[in-house]
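Please read the structure below before turning to the comments.
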Amino acid sequence: MLKVSDIHAGYGRVEVLKGVSLEASHGEVVCLLGANGAGKSTLLRVISGLIAPAKGSVAFLGQEITRKRPDDIVRAGISHVPEGRQIFFTLTVQQNLLLGAYAHGCKRAELDKLYQSVFDLFPILKERFAGKAGSLSGGEQQMLAIARGLMSRPKLLLLDEPSLGLAPLLVQNIFSIVKDLRAAGIPILLVEQNVAAALKIADRAYIMETGRIVTDGNAAALLGDDEIRKRYLGM
Ligand code: ATP
């Protein structure tokens, strides 16, 4: 479904990604792990078109999407829920959701269906629909960020640190939503600091170190490998 090949990218003259390749298939949760600054968020930004790579390619559903505009990539079916949520605090919950649907230019009836589908996953957003996004709790803001991402009807979701800064109970809630999304047929590329929890729900994982993938494999096997846990996962 997603094929990232030999990506080199960075900011200005600083090369952050030094030849990264990975794949994600239908029905999978694929985890991208690694220390702070390894380049995980940068890779998601390359996939969603926010950063143009210096070298390498990204293909999605067999189409080359490298260097396409971010809104075209959303239309192609990739939705990026960024680190730090990046919701619009002064807008209402409804307006934030509406922005998520913008790339497709949805009609009223279609929008109502989309709202309903995100309310099914996050009932709290229905209650807070007319309220300002800035008045939501941290967990609710994360739900809004994911819901906004779903409003573009993605075929693949990029989720960057969805559990960051949340209380343990809410973290569990977010991971259970990730499982629900996979069951609903939306594969996920997940960047997560909460390594153990992420590997428990993921199908496969890639581990990054300073701009390179250093190892990858079945999530359960990585979690059960003492050497990998000690060396790369700080567990
Ligand atoms: P984290 O969990 O800390 O976000 P990460 O693995 O996602 O880690 P990135 O955010 O991709 O790492 O950052 C990789 C490197 O790129 C870091 O050295 C970071 O300082 C640098 N970097 C990230 N964003 C920018 C930017 N907008 N401008 C310049 N350098 C950046």
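Just one of (1) out of contact with any helix residue (DSSP H, G or I) (no Cβ under 7 Å at 6 or more places or on another chain); (2) closer than 13 Å to residue 189 by Cα; (3) open to solvent by less than 10 Å² (accessible area, probe 1.4 Å) fails for residue 28. It is (3). Condition first: away from the ligand (no atom under 15 Å from the Cβ) and surrounded by 19 or more Cβ atoms within 10 Å (Cβ to Cβ). Can you find one or more residues in segment 2-14 that meet it? Yes, there is a match, as at least one residue in segment 2-14 is away from the ligand (no atom under 15 Å from the Cβ) and surrounded by 19 or more Cβ atoms within 10 Å (Cβ to Cβ).
Here residue 56 fulfils each of the conditions (1) within 16 Å of the ligand (Cβ to nearest atom); (2) within 18 Å of the chain's Cα centre (by Cα) apart from (2).
Applying the criterion of at least 1 residues that are touching a Cys at 6+ places or on another chain (Cβ under 7 Å) to the strands (runs of 3 or more DSSP E) found wholly in segment 1-98 leaves an empty list. Listed conditions (1) within 29 Å of residue 183 (Cα to Cα); (2) away from the ligand (no atom under 16 Å from the Cβ); (3) open to solvent by less than 60 Å² (accessible area, probe 1.4 Å); (4) not assigned by TED's automatic domain parsing to the domain that holds residue 207 are all met by residue 91, apart from (1).
If we keep just the residues of segment 194-235 that are more than 16 Å from the ligand (Cβ to nearest atom) and under 15 Å from residue 24 (Cβ atoms), which is most open to solvent (accessible area, probe 1.4 Å)? Ranking the qualifying residues of segment 194-235, first place goes to 218.
In segment 69-90 there is no residue matching the filter, namely being of a type in the set (Gly, Ala, Ser) and more than 15 Å from residue 149 (Cβ to Cβ). Output the number of residues of segment 35-52 satisfying the condition of being over 11 Å from the mean Cα position of the chain (by Cα) and surrounded by fewer than 23 Cβ atoms within 10 Å (Cβ to Cβ). Within segment 35-52, residues that are over 11 Å from the mean Cα position of the chain (by Cα) and surrounded by fewer than 23 Cβ atoms within 10 Å (Cβ to Cβ) number 8. Tell me, yes or no, whether segment 16-39 has at least one residue that is within 16 Å of the ligand (Cβ to nearest atom), touching a Pro at 6+ places or on another chain (Cβ under 8 Å) and farther than 25 Å from residue 199 by Cα. Within segment 16-39 (the criterion being within 16 Å of the ligand (Cβ to nearest atom), touching a Pro at 6+ places or on another chain (Cβ under 8 Å) and farther than 25 Å from residue 199 by Cα), the answer is no, since none of the residues qualifies.
The values are calculated or read from the model by the stated rules, or taken from the named source; none is laboratory data. Just so we're clear, the structure is a prediction, and the values are computed from it rather than from any experiment. Quick reminder, even Gly has a Cβ in these numbers, built from the backbone with ideal geometry, and neighbours come from all protein chains shown. We work out accessible area using only protein heavy atoms, side chains counted, and drop any ligands, DNA or RNA first. Shrake-Rupley method; radii C 1.70, N 1.55, O 1.52, S 1.80 Å.
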